[in-house]
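Working notes, beginning with the structure itself.
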Amino acid sequence: MKLLLQALIKYLCGVILTGLLLFLPAGTFRYPGAWLFLGLLFIPMLILGSVLLTKAPDLLAKRLSHREKENIQKGVVGISALAFLASFILSGLDHRFGWTAVPLWLAVTAAVLLLLSYAMYAEVMRENAYLSRTVEVQKNQKVVSTGLYGIVRHPMYTATVVLFLAIPLVLGSWIGFAVMLVYPIVIAVRIRNEETVLTAGLDGYAEYKTKVKWRLIPFVW
């Protein structure tokens, strides 16, 4: 019950805060891209959270925790949060004043990519029971090297990069998209620090890095 209440409170706060960040700058509720984005993000999130609550409550508890121990990771989280805030607010302002316009076909494509990235995120959570929002080596943790982890070493971050770059396009803002380009950069910093921690503290991770070459995107990095 405690976990359920914690999850519901964070979920509702997320819906309300995101709505405020979009509709207040837009100055109207007549913002189709914002409504589409809220539906694409929070309906699957509710479904996934319900599944985790019944099937893997320990994993859900880990995902709700976000207290980073590494100083580098604290900086990454802070910069990412600022980028998200700026992207949402500027997208809302862009809708109000009509600074830029994303073609409908691209917005629809971005919506599809957002859903696919969410499905990938869910698959990563199914494959890796040690998945946490913080960079750490957990007790009895083992290296996961199958499924998506056999293609790239950090498939969760691959999913989030696609997801977050798709968001401002669904919202119809090139300005918001330009701001969100900061995210892949900070994720690269997070990955480098995370791999240092895992290599030092997780048995078999150094060998895993030699088997799976790509960190984030196959044949790129």
Just to check, using Stokes-Einstein with a Kirkwood Rh over alpha carbon pairs, what's the diffusion coefficient of the chain at 10 °C and 1.306 mPa s in µm²/s? 86
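So what is the 222 nm mean residue ellipticity for the chain from helices alone, if each DSSP H run of at least 4 adds -39500 (n - 2.57) and you divide by all residues, rounding to the nearest 500 deg cm²/dmol?
Calculated at 222 nm, the ellipticity per residue is -24000 deg cm²/dmol.
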Extension gain, residue 86 back to residue 217 (0.36 nm per residue minus Cα-Cα distance, nm): 44.6 nm
Estimated FRET transfer efficiency (residue 101, residue 185; beta-carbon r; R0 35 Å; 0.05): 0.85
Pairs from 10/211; 2/74; 10/74; 74/209; 10/213; 2/211 whose Cα-Cα separation, in the structure shown, is over 31 Å: 10/211; 10/213; 2/211
Charge dipole magnitude, Cβ of K and R +1, D and E -1 - the chain, Cα centre, debye nearest 20: 280
Principal axis lengths of segment 111-221 from Cα atoms, whole Å, largest first? 45, 27, 25
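Since every read-out is calculated from the coordinates, none of them should be taken as a lab result. Treat the numbers as computed from the prediction; the structure is a model and nothing was measured. Here Cβ is always computed from backbone atoms with ideal geometry, including for glycine, and neighbour counts include all displayed protein chains.
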